[in-house]
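Heads up: the structure comes next, in structure tokens.
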Amino acid sequence: MKLTVLARLNPPSPGPVGGSAVLIEGDWPEGTGATDRWSLDTHIDSRFEWIDEAASYWTEVIAHEPCAGDAPSPVQPAWLNALALRYYLVKLIRVVAFFSEVRRLNFGDEVEFNATRGRDEDYADIIGQLCRLAGSRLGICWNGQATAPAPVSPANHAWRRALARAAEWIDPRVSDVSAPRIVFCGNPRLLEPVCRETTHRGGQAWWLCDRLAMRSWLRWRRAGCGQLVCNSSLGVYDRLPRPDVGPIDCRDVDLSAAVARWLTSRMAALGRQQTRIVEQVERHFLRIRPDALVLDEDQTPFHRAAVAAARRHGVRSFVVQHGAPCCRFGFAPLEADEFLAWGLSTRNQLARWAVPTERITTVGSLHPGGVIHGQRARKADDRPARIVLLTTVPPRDERPDAVVFHFNRTTYREMVDTAAAAVSRLPAAELLVKMHPRAAGDPVVESAVARNPRLHVRWVRTGSLDDCLAEADCVLSCLSSAGIEATLAGLPVIQLAPVGSGRVLPHEEWGLLGTARTETELDRLLAQALSSDWRPAAVPNPDVFFHETADATSTAARIAEIVLRTAHGTRQTRALEPRIENELRPAMRPAHGAVRAAG
């Protein structure tokens with residue numbers, strides 16, 4: 001039997017496809033859903049959650065973490081880029097799962113793979129192994145040559161770099177006083193309340209960042225806080241080691257060649273920048289000698305470089321929860337020493353992902369706007385119901401999300417279409433679309449609105465979440481952390497989830513009214529939410545998912561107390577076991593003693 005396999009539909013377009021065909025990235029256009037058409041986006045759903053688990057497992061096997069102590073291992077590229085590597089492995093393992101469980105390859109099948117050079121060699125390698133195992137014949141049709149995309153990063157102009165050098169000269173100096181020294185790394189909107197409480201309690205603070213954040217520096221310089229700037233764009237040499245990738249056995253398919261190629265390509269693009277980040281963070285830690293590190297996450301390269309330096313210097317690190325734990329990839333395994341969680345729901349979820357409970361402390365939410373707690377007044381009968389739709393960042397075909405989500409362009413479109421159609425069927429309702437802060441526009445939502453001309457829509461592109469919730473009667477949340485926070489406003493929150501997704505943020509554990517995957521489920525939940533009988537008391541105690549449901553100020557004070565107590569302990573330990581700075585050898589070592597110049 002002949003089977004055509006396409007890496008993607010466009011670009012490049014392979015032209016008309018006859019017979020049986022499989023699409024690896026993306027989905028077939030509407031109207032082509034014949035029985036002999038398959039796509040991984042459609043058929044690989046939460047039933048294959050083992051793919052997420054396998055991606056996490058193999059990432060930990062490949063990525064060797066840096067050690068604490070006097071003889072640390074070099075910072076490995078795979079460890080720095082672990083989050084991207086997990087998603088890449090999901091992309092590869094989906095192919096293995098599809099051809100071994102959904103559309104099995106058989107002896108004598110003729111497989112033709114349409115691919116792009118410079119982009120799809122990994123797919124070709126895996127499909128070739130699968131064909132050899134099944135006794136199928138493979139032919140590869142290369143369609144053009146892909147160009148490697150340039151790394152996307154904010155511009156770092158010469159004037160900004162000059163200001164960063166000037167700022168370092170006038171930043172506060174480390175003195176011999178007993179003030180604990182705290183380094184913050186992450187989104188200021190989240191961590192600034194903690195920094196404020198830390199300095200009020202006698203701590204000295206610095207913000208670790210890649211480029212000089214001018215407005216933040218001006219705001220915090222008055223409070224005696226400095227910035228530690230890395231300027232990764234100035235990286236010249238790639239000194240990160242290149243360890244061999246051992247066999248990666250996934251159902252008799254070896255993924256090691258593909259992973260090695262991916263790491264080589266990623267380091268060609270980012271090795272110089274990441275080398276400079278690691279070296280500059282080490283330089284800052286040698287100069288400042290901090291007593292604690294506070295981050296908003298510990299999974300991306302910049303934050304992992306900070307965690308590695310903290311581990312090297314015997315500094316305890318803390319991750320402050322910044323979002324709902326929808327997927328293990330962004331939260332586990334925990335690399336920092338301690339996770340400061342919203343409440344018991346997060347604690348329980350992290351425990352299910354094998355994060356030791358002794359490393360999790362429940363402190364409450366640091367929502368920057370400070371959602372007003374308590375029940376909203378019921379709407380008057382003479383005005384339309386106001387329903388807020390919290391959107392998310394549109395998915396990308398080239399990077400499949402975690403399989404348990406089953407979140408792709410097709411399922412996202414179905415979610416939004418379901419919401420728009422359900423609200424348009426209400427006798428009187430207004431839909432307030434709150435755009436995600438990282439999404440400048442959302443064509444999926446715009447198309448769904450256009451398909452429902454009866455729908456009264458108001459777009460909310462700016463302003464705080466609190467302002468939007470203040471006039472809402474109900475919230476529809478597309479797997480959004482903001483939806484969890486909206487429950488504290490006394491609002492009924494309905495979670496929209498893709499068909500085929502698993503138990504992502506179970507509503508009974510997170511104070512949500514319910515989860516809707518179909519129009520029938522959404523119609524029922526909307527009727528319940530807008531009923532005069534609904535009361536917030538119908539929702540489980542919010543203390544479970546937001547510790548003590550305190551405001552952001554008291555949560556920040558609680559976090560500052562924990563961090564400063566740890567910092568004082570670190571200073572006492574250093575006093576008992578003095579170590580001079582020249583004993584703190586840099587953790588970076590050129591691979592095999594060679595210094596590789598940039599491109």
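For R201, what charge total do you get from the other residues with a beta carbon under 14 Å from its beta carbon, if Lys and Arg give +1 and Asp and Glu give -1?
Combined, the nearby Lys, Arg, Asp and Glu give +1.
Can you give the net charge of the other residues whose Cβ lies under 10 Å from the Cβ of D122, counting K and R as +1 and D and E as -1? Don't skip to the answer; put the middle values down first.
Values: positive: K91, R119, R261; negative: D120, E121, D125.
That works out to 0.
What percentage of the solvent-accessible surface of the stretch 130-269, computed with a 1.4 Å probe over protein heavy atoms, is contributed by carbon and sulfur atoms?
Working: 4120 of 7520 Å².
After summing per-atom areas, the C and S share lands at 55 percent.
Any chance you could check the Cα centroid distance between the stretch 313-343 and the stretch 36-107 for me, in angstrom?
A separation of 21 Å, based on Cα centres.
Hey, can you grab everything whose amide H is under 5 Å from the amide H of I182? Only 5+ residues off in sequence or another chain; H modelled, so Pro and N-termini drop out.
Amide H to amide H, under 5 Å and 5 or more residues apart or across chains, I182 pairs with Q204, A205, W206, D291.
Quickly rank 80-86, 457-463, 349-355 as a protection proxy: mean count of other C-beta atoms within 10 Å, highest first. Numbers along the way, then the final one.
Working: 80-86: 22.7, 457-463: 12.9, 349-355: 16.9.
Per-residue Cβ counts within 10 Å, averaged per peptide and sorted highest first, yield 80-86, 349-355, 457-463.
Considering only protein heavy atoms, what is the solvent-accessible area of V423 at a probe of 1.4 Å, reported in Å² to the nearest 10?
0 Å²
For the stretch 263-339, list log₁₀ I(q)/I(0) at each q in 0.23 Å⁻¹, using the Debye formula over Cα point scatterers of equal strength and ignoring solvent, two decimals each.
Results for the stretch 263-339 at q = 0.23 Å⁻¹ read -1.05.
Step through the residues of the stretch 345-354 one at a time and calculate ³J(HN,Hα) from phi using the Karplus curve (6.51 cos²θ - 1.76 cosθ + 1.60, θ = phi - 60°), rounding each to whole Hz and writing x for Gly and Pro.
4, 5, 4, 5, 5, 5, 5, 5, 8, 6
Taking amide H positions as placed 1.01 Å from N in the peptide plane, with prolines and chain starts having none, which residues 5 or more places from Q227, or on another chain, fall under 5 Å of its amide H?
W207
Check T362: other-chain or 5+ apart residues with amide H under 5 Å from its amide H, H built from backbone geometry?
A341
Accessible surface of K2 in the full protein assembly, 1.4 angstrom probe, to the nearest 10 Å²?
Number for this one is 120 Å².
Leaving ligands, DNA and RNA out of it, rank H507, H64 by accessible area with a 1.4 Å probe, largest first. The partial results should precede the final answer.
Details: H507 65, H64 95 Å².
Descending order: H64, H507.
Beyond 20 Å, what share of the Cα-Cα pairs of the stretch 425-497 is found? Please give it as a whole percent.
That fraction is 30 percent.
Provide the packing ranking of 523-532, 281-290, i.e. peptides ordered by the mean count of other C-beta atoms within 10 Å per residue, highest first.
Numbers: 523-532: 16.3, 281-290: 20.3.
For the peptides 523-532, 281-290, the packing ranking is 281-290, 523-532.
From the backbone phi of the stretch 490-503, what are the Karplus-calculated ³J(HN,Hα) couplings (6.51 cos²θ - 1.76 cosθ + 1.60, θ = phi - 60°) in whole Hz, Gly and Pro given as x?
Residue by residue, the stretch 490-503 yields x, 9, x, 10, 10, 8, 8, 10, x, 4, x, 7, x, 7 Hz.
Sum up the charges of everything whose Cβ sits under 12 Å from the Cβ of W220, counting Lys and Arg as +1 and Asp and Glu as -1, but leave W220 out.
Details: positive: R196, R215, R219, R221, R222; negative: D171, E192.
Result for the local shell: +3.
Taking θ as phi - 60°, what are the ³J(HN,Hα) couplings along the stretch 472-485 by the Karplus curve (6.51, -1.76, 1.60), each to the nearest whole Hz, with x for Gly and Pro?
Using θ = phi - 60°, the values come out as 9, 10, 7, 10, 10, 10, 8, 6, 10, 4, 4, x, 5, 5 Hz.
Skip the ligands, DNA and RNA, and give the accessible area per residue of the stretch 448-539 with a 1.4 Å probe, whole Å². Please list the in-between numbers first.
Values: 3740 Å² over 92 residues.
Per-residue accessible area for the stretch 448-539 comes out at 41 Å².
For the stretch 196-319, what proportion of DSSP beta bridges, expressed in % and rounded to the nearest 5, is antiparallel? Could you put the intermediate results ahead of the total?
Working: 2 of 10 bridges.
Approximately 20 percent, going by the DSSP bridge assignments.
For Y412, Y237, Y57, what's the largest-to-smallest order of accessible area, 1.4 Å probe?
Details: Y412 0, Y237 100, Y57 135 Å².
Output order, biggest surface exposure first: Y57, Y237, Y412.
The values are calculated or read from the model by the stated rules, or taken from the named source; none is laboratory data. This structure is a prediction, so every number in the text was calculated from the model and none was measured. Here Cβ is always computed from backbone atoms with ideal geometry, including for glycine, and neighbour counts include all displayed protein chains. The accessibility values were calculated without ligands, DNA or RNA, using every heavy atom of the protein model including side chains. Shrake-Rupley method; radii C 1.70, N 1.55, O 1.52, S 1.80 Å.
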